[in-house]
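These notes concern the structure reproduced below.
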Amino acid sequence: MDDIERRLTELEIKAGFTEDLLDTLNATIARQQEAIEMLVREIARLREQQAAGAGSAPTSLRDELPPHY
């Protein structure tokens with residue numbers, strides 16, 4: 001009977017650690033998803049900004065005059 005109790009206790013401990021790991025991974029995935037969504041919004045904003053200024057801005061940094069001119 002002691003062997004069964006020991007094995008059951010070990011399984012309960014492993015289940016507890018597994019549950020904690022799952023919670024940690026879920027939190028990590030949620031943070032990463034928020035970061036991805038923020039980056040997607042930033043890329044969309046930069047594309048809109050680039051499209052809005054495409055006619056007035058130089059197409060290449062080589063076409064820009066240095067600030068001291």
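Would you mind finding the one in Q49, Q33 that is at negative phi, at pLDDT below 95 and surrounded by 10 or more Cβ atoms within 10 Å (Cβ to Cβ)? When all the criteria are applied, what remains is Q49.
Confirm whether A57 is modelled with pLDDT under 95 and surrounded by 10 or more Cβ atoms within 10 Å (Cβ to Cβ). Taking the combined requirement at face value, the residue satisfies it.
The values are calculated or read from the model by the stated rules, or taken from the named source; none is laboratory data. All of these numbers come straight from a predicted model, not from anything done at the bench. Please note: Cβ atoms are built from the backbone with ideal geometry, for glycine as well, and neighbour counts cover all protein chains shown.
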